1. Counting only heavy atoms of protein chains, what accessible area per residue, in Å², does the stretch 289-403 have with a probe of 1.4 Å?
2. State which stretch of the chain is the longest one without any exposed GluC sites (Glu not before Pro), exposure meaning a DSSP loop state and at most 14 other Cβ atoms within 10 Å.
3. Per residue, how large is the accessible surface of the stretch 113-251? Use a 1.4 angstrom probe and give square angstrom.
4. Based on Cβ point charges of +1 for Lys and Arg and -1 for Asp and Glu, what charge dipole magnitude is obtained for the stretch 308-365 about its Cα centre, in debye rounded to the nearest 20?
5. Over the chain, with every protein chain in place, what whole percent of the accessible area is carbon and sulfur at 1.4 Å, could you tell me?
6. Which residue, LEU319, LEU288, LEU145, tops the fluctuation ranking in a GNM of the chain built on C-alpha contacts under 10 Å?
7. Could you compute the longest span of the chain free of chymotrypsin sites (Phe, Trp or Tyr not before Pro) located in DSSP loops and having at most 12 other Cβ atoms within 10 Å, not counting the site residues?
8. Going from most exposed to least, what order do SER225, SER265 have by accessible area with a 1.4 Å probe?
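The values are calculated or read from the model by the stated rules, or taken from the named source; none is laboratory data. Everything numeric in this text was worked out from a predicted model, so none of it was measured. A quick note on method: Cβ atoms are made from the backbone with ideal geometry, for glycine too, and the neighbour counts reach across all protein chains shown. Surface areas here come from the heavy atoms of the whole protein model, side chains and all, with no ligands, DNA or RNA. Shrake-Rupley method; radii C 1.70, N 1.55, O 1.52, S 1.80 Å.
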Amino acid sequence: MNRIDDTSTLNVKPPGRWHPWRWLAWSAAGLLGLGALGWSFAPRPLVVEVASVTQGPFEQSIEEDGQLRLKARFGVAAPMAGQLLRPSLQVGDRVEKNQVLAWLAPMASPLIDPRNQNVLRQRVGRDEATQQAARARVAQLQAALEQARLQTRRAEQLAQQDFIAIAALDQALNAESTAAQALEAGHAEWRAAQFSLAESQAALGHTMTTATAAAAPQGLVPISSPISGQVVKLHLNSAGPVTAGQALIDIGDVAALEAVIDVLSSDARHIPVGAPVTLLLDGRQDRLDGRVRRVEPSAFTRVSALGIEEQRVNVLVDLLPVTPADAQGLGDGFRVEARIVLSRVDQALRVPSAALVRSGEDWRVWIMRKERVQSRKVLVKDRNAEFGAIEPGPLQAGDLVVLYPAALREGQRVKAMP
């Protein structure tokens, strides 16, 4: 008889029941997954940089570099060729009008080669012999004159006693006059011989040095200052030969300066005479004010740092009066940064230039309202590097505009950059 084992049936569990909380848990997990997936693909607001439309002063200006220079520079030159003695002045020294700036000595004679020295020695010997002959000739003529005078006195005594005729007396007087004239000619020949000998000896003399010239002040030529001012440049700071008209010293009044600003020729035509100018020196926060005195009518070519040829025009600026303390820090040739104001409006509606977008022939801006952007057409009256002056209407002071706008869409969600 077969036995049935009931223990296997006792270990089998019946299928469990599906509880409601499990269904709710799986449903919530599915909804969260769908939400996360939708959030990851949903469009986010674009982060943009914004700025406010403001009301304030607006200036149209030109900014360029330039330099200061003397209004009146006086160049002192050598009046003649000579040997310049070492100047005692230095750049920056104060000088007064008619003050002696330097001394000019006669030009030193050239050296003589042996052949010419021999020739000059022979010439000196010849002139010495000529002088001796002239001296002897004078002595001879002096004796002849004494003899003529003696004969004249004898003739006068004999004429008074009627021993000789009047014609003989006249003849003796004529002989005395002739002897006197001959003696005078002999003295002239003697002086000529002396001059000729001195000339030959001078030609054979040694070359005159600067020290020899300095020892003879009567041979120096003073060079005086034409004005009262300061020495701004020494063309020669040591002794040496100079030619007639050679520049020696530059003098000027450092308190009387002007600025020279070179601008593009396309900008120069818009600069009015009398326009205000602000000048800044390198390394200084103090500013100098000035006015445009003249815009030169001729241009010149200058190569820019990028290698482009530009036509530039010089603009001359008069500095407004400065304090003595400020004037001490200025000098000829100093570099300045200039800002020339072409026009100014005290109260203008200003929008940042970075917010303006060209749309054909018009200008547009993107404004931000309620985290949405909207395009607005604006009328730009004038622009500079920082702002654009616009007509009020589409925009008002305080509106937020998008800077450097990219490809925006009307109504697109945006978020201001923190």
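1. 58
2. Free of exposed loop sites, the longest segment is 97-360.
3. Heavy-atom accessible area per residue stands at 63 Å².
4. So the dipole magnitude of the stretch 308-365 works out to roughly 280 debye.
5. Carbon plus sulfur share of accessible area: 55 percent.
6. Its mean-square fluctuation being the largest, the pick is LEU145.
7. 164-418
8. Ranked from most to least accessible, the order is SER265, SER225.
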